[in-house]
1. Is any residue of segment 18-56 close enough, with backbone N under 13 Å, to a label point placed 7 angstrom from the Cα of Arg5 along the Cα-Cβ axis, and if so, which?
2. Which value, in Å² rounded to 10, gives the accessible area of Thr42 with a 1.4 Å probe and all protein chains present?
3. Apply 1/(1 + (r/R0)^6) to the Cβ-Cβ distance of Gln135 and Ile20, taking R0 = 30 Å, and write down the FRET efficiency to the nearest 0.05.
Amino acid sequence: MTGIRPRIAIMVGSARPVRIGDQLGAEIVRVVEASSDADVRTLDLREIGLPMLDEPLMAALGQYAHAHARAWAAQVADADAVIFLTPQYNGGYPASLKNAIDYLGAEWRGLPGAIVSYGGRGGPLAADQLAGVRQRPEGLPPEPNPGRRGAAALAPLGWPRAAQ
């Protein structure tokens, strides 16, 4: 490392009014800060409040018409890596997280990531689905199957970010 602090975003994927994702996110922030010199930021999708995808053009063009899309793009582009924190709802990950991913294109390209999942059965189905979605936008590096390891599954982060 050359003295540059990596910027890691913890994306809290649940937007429900009653949830534990924000508490788990705070704990992940604590663990990452205690074990690295990273600049850790929380991107809480409930607080960000993206409407259902309303951009007139596809995200791959990077021509965002709405201020909320441009602000979201800037937040993700500012990260060197992201940890997706997702609950498992009815066998999958929440629409709020899929919506947030679908808003953007180039901002995901080459962005290393990890998945932490949770739920009544540990969240492996949500983690597996999200891992598949992460491979779809051009350039998203595939990650190892987060596995079925109990309450949370974490895939390794890749730092530094790949050159673009």
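1. 33-42
2. 70 Å²
3. The calculated FRET efficiency here is 0.65.
The values are calculated or read from the model by the stated rules, or taken from the named source; none is laboratory data. Everything quoted here is computed from the prediction, not taken from an experiment. Backbone-built Cβ (ideal geometry, glycine too); neighbour counts: all protein chains shown. Just the protein is used for accessible areas: all its heavy atoms, side chains included, with ligands, DNA and RNA removed. Shrake-Rupley method; radii C 1.70, N 1.55, O 1.52, S 1.80 Å.
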